Amino acid sequence: MLREVTSNEIFTILIMIGLIAMTMAKTIYANRFNEFSAILLNSKYLNIYARDQKFFDWFDALLFVNFIISAAIFICICYNALFTNLNLNPNVMLKIIFSIGAFLLIKVLFERLLASIFNIDDVMDNYLFQKTSYKNFFGILLIPINAFLIYSITPSKTVIYIVLAILLSLVILGLTSSLKRYRSLIKSNLFYFILYLCTLEIAPYIILYKFVTMY
């Protein structure tokens with residue numbers, strides 16, 4: 001019982017940090033946040049802000065902080081429901097959050113490096129901006145989902161599978177939008193697109209899964 005209370009306290013603090021980061025983004029960049037919130041309904045946000053990309057963007061950075069925190073919490077909830085209870089403490093949670101953040105940042109830097117090597121910087125920049133935007137949006141969706149799973153119900157395998165199915169549907173929706181935007185480019189470079197999916201979108205997550213389950 002004590003471990004459960006302690007875990008909830010850790011989750012509460014992390015959710016609050018995520019909410020603060022999201023609120024700062026909404027307050028400082030009010031118009032941009034309003035357009036960002038409709039990203040699944042139309043491509044207005046992507047069309048407007050893809051042209052004004054910077055290597056470091058405070059709006060994306062604040063939402064990215066919330067994403068890695070929310071993702072870490074959701075992963076812990078799923079792991080506890082599907083496998084076994086983790087002995088959570090601040091040190092463990094910080095390691096999980098840092099690992100997710102480091103993994104995603106290294107992956108983006110590697111993708112940018114490959115884009116420079118193959119001279120496709122503009123295409124890759126737009127694609128990474130779109131992918132980052134969708135991740136940040138999912139990070140916001142995870143806030144109420146995490147709160148519901150922590151404070152309202154005891155997550156069962158059935159509930160977790162339902163939530164995962166909903167999130168997967170949203171991911172497919174976002175992926176479909178990306179494919180439509182780059183349909184002509186993909187058709188003319190289908191082999192390289194499949195190679196990219198296997199090496200940079202599928203393989204890293206399989207390696208990460210193997211690493212997590214091993215250690």
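Here is how the numbers come out for the structure above:
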| read-out | value |
| --- | --- |
| Matching option when the condition is over 14 Å from Ile77 (Cα atoms) and touching a helix residue (DSSP H, G or I) at 6+ places or on another chain (Cβ under 6 Å), among Ala115, Ala102 | Ala115 |
| Hits in the range 59-97 - residues which are at pLDDT below 90 and either in contact with a strand residue (DSSP E or B) (Cβ under 9 Å, 6 or more places away or on another chain) or not aliphatic (A, V, I, L, M) (or both) | Cys76, Cys78, Tyr79, Asn80, Phe83, Thr84, Asn85, Asn87, Asn89, Pro90, Asn91, Lys95 |
| Of the criteria (1) closer than 22 Å to Asn146 by Cβ; (2) without any contact (Cβ under 8 Å) to a residue 12 or more places away in the chain; (3) aromatic (Phe, Trp, Tyr), which one Phe64 fails | (2) |
| Residues of the range 180-189 satisfying the condition of being at pLDDT 70 or above and not basic (Lys, Arg) | Ser184 |
| Pair list, Cβ < 9 Å and 6+ apart or interchain, from the range 152-174 residues that are under 19 Å from Cys76 (Cβ atoms) to residues that are in a loop (DSSP other than H, G, I, E, B) and of a type outside the set (Gly, Ala, Ser) | Val159/Ile153; Val163/Pro155 |
| Candidates Ile10, Ile39, Ile17 - the one that is in contact with a helix residue (DSSP H, G or I) (Cβ under 7 Å, 6 or more places away or on another chain) and within 27 Å of Thr158 (Cβ to Cβ) | Ile10 |
| Boolean, Ile150 is touching a helix residue (DSSP H, G or I) at 6+ places or on another chain (Cβ under 6 Å), at pLDDT 80 or above and either surrounded by 14 or more Cβ atoms within 10 Å (Cβ to Cβ) or of a type outside the set (Phe, Trp, Tyr) (or both) | yes |
| Checklist (1) at pLDDT below 85; (2) touching a Phe, Trp or Tyr at 6+ places or on another chain (Cβ under 8 Å); (3) not in a helix (DSSP H, G or I) applied to Asn42, failing item | (2) |
| Residues within the range 14-39 that are in a helix (DSSP H, G or I) and without any contact (Cβ under 8 Å) to a residue 24 or more places away in the chain, tallied | 9 |
| The listed residue being loosely packed, with under 11 Cβ neighbours inside 10 Å, in a helix (DSSP H, G or I) and not β-branched (Val, Ile, Thr), out of Ser169, Ser177, Ser133 | Ser169 |
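For every residue, the table says whether it meets (1) surrounded by 12 or more Cβ atoms within 10 Å (Cβ to Cβ); (2) hydroxyl-bearing (Ser, Thr, Tyr).
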| position | (1), (2) |
| --- | --- |
| Leu19 | yes, no |
| Lys26 | yes, no |
| Ala30 | no, no |
| Tyr45 | yes, yes |
| Trp58 | yes, no |
| Phe67 | yes, no |
| Ala72 | yes, no |
| Asn80 | yes, no |
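The values are calculated or read from the model by the stated rules, or taken from the named source; none is laboratory data. Worth saying up front: this structure is predicted, and the values here are computed from it rather than measured. Methodologically, a virtual Cβ is constructed for each residue, glycine included, from the backbone with ideal geometry; neighbour enumeration extends over all protein chains shown.
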